[in-house]
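These notes are about the structure you will find just below.
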Amino acid sequence: MKKVSERIYLKPVVDDDVKGVFKLVQRLVDLAYYEYEFFDLACMKALFALELALKKRYRQLATAGFANPAQWSLKRYLQWFLENGYFETESADYLDQLRYIRNHFAHPEAHSFGGSIISWHITAASGLINDLYEDKDLRADRKRETSRLNSALNRIVQHGASLQIPGKERQSVYAFLIAFLNNKQTPNRYHFVYKPLFKIPAQYAAGDPIQPTTAYYFNCTEVRLSQNGVGGFDENGREIFQLSPPLADDLGDIEEWYRQYNNYIGTLPHFPIIDSQNIVSIGSKLLARFHKDDA
């Protein structure tokens, strides 16, 4: 049978029982090419495997001072690992959403199916499981540096910024941030995404369908902050980008764009959330690649 899906990856150190469940999950995903509802079975098994993985990992980590988890619920396990820095995400809402779907599978009230639209739960579950075995100190350093740099980037780009990439025309951007920092590599590798100003539709109305604008991506190994902005460089010192406040010649156009944009999102308030989805997707793919770095 032809394999039509991307292979699910779990780190070699993940418990064998958990990996055994995910072999079945992968098989169900492959068979979903022929039977659509197999995606739902795969998601169910993946989320059950996440709970199993949390229990197994907690027992590995348990010392005399640890609580006895005999009566712990999935919510309590997720809360403990979140509070103790074992997940890349810091969003309790994200974890609650996965727990809600798991409970829906465990305690159904009617027959329903989602198909491939809910298959992201499989990636989410495997990603959280891999998170459990990453270096916590590196994660803490990664989050601090990401927060520091994104704060600096946001100050520059909050009202539009000028982006210069060698060999390309200068662009005005409304979004520029670190999607992921890989500090497992030497030197560190900073992965950036950005979005140039886009043409606001001439006509639009509440309820119109929304699509995210294109997110562009590049990476560098060194970031330099200055009073004039932020610069990125490769391992040979070659400039990758310069981000700076808008040039005087561009200010009028940028101010007009933001006037139109604010009117646009006033009518379509969900646009910023939907527009960020492909940025989140890039970050998720980079994290999945990061999990494989020490394979």
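Of note:
- Derived scalar couplings ³J(HN,Hα) [segment 153-162; Karplus, 6.51 cos²θ - 1.76 cosθ + 1.60; whole Hz; x for Gly, Pro]: 5, 5, 5, 7, 9, 4, 10, x, 9, 9
- Dipole-positive endmost among F290, Y264, Q227 within segment 224-290 (Cβ charges, Cα centre): F290
- Listing F233, F241 from fewest to most neighbouring C-beta atoms within 10 Å gives F233, F241.
- At R0 = 41 Å, FRET efficiency that the Cβ-Cβ distance of L247 and V13 yields, to 0.05: 0.20
- For segment 229-295, convex hull volume per residue from C-alpha positions, Å³: 115
- One chain, two ends: E239 and T186. Fully extended at 0.36 nm per residue, the span grows by 17.2 nm beyond their Cα-Cα distance.
- Modelled FRET efficiency - R0 25 Å, Y258 with R224, Cβ distances, 0.05 increments: 0.35
- Volume per residue of the C-alpha convex hull in segment 16-133, rounded to whole Å³: 101
- Between K143 and T267, the simple spin-label model (points 7 angstrom out along Cα→Cβ) gives 4.1 nm.
- Calculated over segment 137-291, the projected area of the Cα convex hull averaged across directions stands at 10.2 nm².
- Relative exposure of I8, I210, I122, judged by other C-beta atoms within 10 Å (fewest first): I210, I8, I122
- In the chain the Cα-Cα distances spread across 10 Å bins starting at 0 as 5, 23, 28, 24, 16, 4, 0 percent of all pairs.
- For segment 182-203 versus segment 244-295, the gap between their alpha-carbon centres in whole angstrom: 8
- Gain in span if fully extended, A205 to S151, counting 0.36 nm per residue against the direct Cα distance: 16.1 nm
- Here the Karplus relation 6.51 cos²θ - 1.76 cosθ + 1.60, evaluated at θ = phi - 60°, turns the backbone of segment 125-138 into coupling constants of 5, 5, x, 5, 5, 4, 4, 4, 10, 8, 6, 5, 5, 4 Hz, with x for every Gly and Pro.
- Fewest-first sequence of H191, H107 by Cβ atoms within 10 Å of each Cβ: H107, H191
- In loop segments of segment 135-210 as defined by DSSP, the trypsin sites (Lys or Arg not before Pro) with at most 10 further C-beta atoms inside 10 Å of their C-beta are K168, K199.
- For A92 and S112, a Förster radius of 22 Å and the Cβ-Cβ distance give a FRET efficiency of 0.30, rounded to the nearest 0.05.
- Karplus-derived HN-Hα couplings along segment 252-266 (A = 6.51, B = -1.76, C = 1.60, θ = phi - 60°), whole Hz, x at Gly and Pro: x, 5, 5, 4, 5, 4, 5, 4, 5, 5, 5, 5, 4, 6, x
- Principal-axis tilt of helix 38-61 within the chain, Cα atoms, nearest 10 degrees: 80
- Counting only Cα atoms, the size of segment 91-148 along its three principal axes is 46, 18, 18 Å, in decreasing order.
- Chain lengthening between E6 and E83 when straightened (0.36 nm per residue, less Cα-Cα): 24.6 nm
- Set K168/K195; K136/K292; K195/K292; K184/K292; K56/K143 screened for pairs whose C-alpha atoms are more than 18 Å apart: K195/K292; K56/K143
- Between E35 and A288, the modelled labels are 2.4 nm apart [label points 7 Å from Cα along Cα→Cβ].
- The modelled label-to-label distance between F198 and Q60, using points 7 Å beyond Cα along the C-beta direction, is 4.1 nm.
No value in this document is a laboratory result; all are computed from the given coordinates. Since the structure is predicted, the reported quantities are computational estimates derived from the model, not experimental observations. Here the Cβ is made from the backbone with ideal geometry for all residues, glycine too, and neighbour counts use every protein chain on show.
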